[in-house]
Structure formats: C-alpha cells, structure tokens
Amino acid sequence: MLTIATAVPAAHAQNTVGTIIQIQGSANIVRNGATIAAVQNMPIMLHDTISTQPNSSLTIGLVDNSSLQLGGSSTITIDASVMVNGVGAPSKVGLLGGDLHSVIVGAMRGSSTTFEVHTPNAVGAVRGTTWDTHYDTDDHKESKGCRQTTRVDVEDGTVQVCNAASPPECKDVHQGKRTWVRCGAFWEGGVNLGAYALGIGLAAGAGVGIAAAAGGFNGGGSNPPPPHKGTPSE
C-alpha cells in the first residue's frame, strides 16, 4: 500500500485530486459539511461527495488524461488519494448510486499506484483502461427481493471485481465482458447461478457473476450496450 508523504506541502497538494472539466445540467458538491454548486474548472478535493441531478453529467479530469464521468442521478465520494508524478489523484472512489465511467491511463495504471471503485456490495480495481460501473437498489425482475446490484462493463483492458464478502471472492473481467454482483449470489445474464464455480473454484455464496462473452448478456449482439443507459431489462 502506498504511504502518504508527511511533508505539509505534499499533504496539501494531495487534497486536490482533479478538476471539473465538463458539466451538463446541474451537480452539487458536499465539502466540509457545506453544499456548493459544481461549476466548470472547480477543483475536486479529497473527501468531496459529488452528486448529479437527473439528465445531467459531470466529468472530472485527473492526472495524465485519466478521467471520471458521472451520469445522471449519480453520487460518488472521494475516499482516498495518492500522489502520482507529484500530483494528487484519487485512489479510492465510492459509487453510492447511478453510473460512473472510469478512464484510467498513464501513471495511474502504473505498478506503484492503485485505483478502485467501491459500491456497497462490490469493489472494482483497475487493471484496464476504461470501464463502466453501475449501482442501484432497485427491485429487479427475478432478483428475489435483492436491492443491491452492481454491474461492471469493461470496454478496454481488464478490471478485477470482488464481492463484499469476508474474505472477498474476486474475478478478472476482460474487455467486452460484463459482471453482476447482486447481494450474495452469482448472476450471469440475469440468471441466478448460485454456487457455480465458473472455472475458478469460487465458494458458495460468493457474489460475482461473469458474462460468458461480449453480447451474451441479453441473448444476442456483438457488443455490450453503451454506458449510462441504466440497468438491462431483467
């Protein structure tokens, strides 16, 4: 695990982790207990909570052209940060609801840095470049009352996804693949897989479901659906 520099100037610099480079519609930032309107070129700080309104979007520019884009009705928290080439960058982001499009390139993908997206029931750790994370608490068809759904679509590279069990069960999700983590059960294409091993010996009750191939999620097609369109019909 990376350690934070103890020098005061470095610690102060690390409090800034990015900048709003695009905003459409309305968004708010909760910072030190105060709610402020998000605007273009506003710095994003460690421990900020950023929320978008319906039909809005916001993009945070990070070091080395990495970025985080929130869809409409989405909320993230900046939970931890590291120094990357002398610049503060988020290392742990919490997605409390909605959609987050992560593009992690350059030094943020280096072996000495980590970037994770946490939802209440899953963790996605960067090993790739571009992926979408969705979290909701809706009651989906055939979900048997479960109200915790995380979905990860990998557009480029590989993302390691883990459930929230102790110890967690993890799986690498590759380009063009989709993963569901739904409460404590496997899901693949909307089908409850129970204790399927999926070829990696996962224990019963683990919560990561891996789609068999791109386009296999809804019975056809060659590509995953575009990001920020909500959950699939389940």
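Bear in mind that the values in this text are calculations on the coordinates, not laboratory data. The model shown is predicted, which means the values in this text are computed figures rather than measured ones. So basically every Cβ, Gly included, is an ideal-geometry build from the backbone, and we count neighbours across all protein chains shown.
Return the Rg/Rh ratio of segment 14-69 with Cα-based radii and a Kirkwood Rh. My calculation of the ratio gives 0.94.
Residues Ser73, Ser81, Ser166 in ascending order of nearby Cβ atoms (within 10 Å, fewest first): Ser166, Ser73, Ser81. Let me know the shape class of segment 33-183, please: from the alpha-carbon gyration tensor, a ≥ b ≥ c as square roots of the eigenvalues, rounded when a/c is under 1.5, otherwise prolate if a/b is greater than b/c, or oblate. Judged from the Cα gyration tensor, segment 33-183 comes out oblate (a/c at least 1.5, b/c at or above a/b). Taking each residue as 0.36 nm, the span from Ser26 to Asp139 lengthens on full extension beyond its C-alpha to C-alpha distance by 38.0 nm.
In terms of packing, defined here as the mean over residues of other Cβ atoms within 10 angstrom, the peptides 30-43, 147-160 line up highest first as 147-160, 30-43.
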